[in-house]
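K.L.:
Below: one structure in structure tokens.
The values are calculated or read from the model by the stated rules, or taken from the named source; none is laboratory data. Keep in mind it's a predicted model, so treat the numbers as computed, not measured. With ideal geometry, Cβ positions are generated from the backbone for all residues, glycine too; neighbour counts draw on all protein chains shown. These accessible areas exclude ligands, DNA and RNA; they are computed on the full protein's heavy atoms, side chains included. Shrake-Rupley method; radii C 1.70, N 1.55, O 1.52, S 1.80 Å.
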Amino acid sequence: MAAGSCKEQSIEQIGSLCSVQLFDLQTRTPVGQPISTTQSTITSLAFSPNGTALASGDQDGTIYLIDVNTGKLGEIPLGGFSEGFTSLAFSPDSSTLAAGTDQGNIFLWDVKSGQVLSKPFQFSNLPLTGLAFSPDGRLLYTAAQDGKTSAWDVDFNSWAQRACVLAGRSLDQVEWRQFMGDLEFNPACQEEPQSTATPTPTPSPTPTP
């Protein structure tokens, strides 16, 4: 278990939460010392399924990854991003971190490198209140403050296949870099489409009904 704490007022009050404390659920006692993270209110926390990392997001748009075993802190680079994070979720294999914001946007990061895996995609104009991956990691379920929910295809192999279908052929290296970013170059389509049309591929996470 993890909880945010503050120096000047109780956790029930609105204020600057500046540290995270780990707790042993069996003994209900603190584990180690509080881990300083931010001077901004901590608005979301999530453990990785493998139990090695804790993600902490704040209202000023910063995410920290905490090594649970050592308490070592590492910041995921956000490039000046300013939306506050209201929900966090790790993929089942702990390799991907999803983050929802107070403006309804969703971000995906590679946990090991801190690399953003896709452009942000918007689900709602209201804060996101919940994120959860499917057991196989291929879908990301989202919920917003207005009660709206959806499921998004976040399987990168699926994105690559969709790009193949839209292009009517395999992507070359320039196209792969343009539409798939820093994902490892793997352009071969499983089945070459029969269509000769070559529209511009625009793979992105799409909601699944």
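K.L.:
Taking strands (runs of 3 or more DSSP E) that fall entirely within the range 93-209, which contain at least 1 residues that are under 19 Å from L45 (Cα atoms) and at pLDDT 70 or above?
P.N.:
96-101, 105-110, 128-133, 139-144
K.L.:
Out of all the residues in the range 1-19, which are open to solvent by less than 70 Å² (accessible area, probe 1.4 Å) and either farther than 24 Å from S82 by Cβ or modelled with pLDDT of 80 or more (or both)?
P.N.:
Scanning the range 1-19 gives A2, A3, S5, Q9, S10.
K.L.:
Restricting attention to the range 108-133, report how many residues are open to solvent by less than 40 Å² (accessible area, probe 1.4 Å) and aliphatic (A, V, I, L, M).
P.N.:
5
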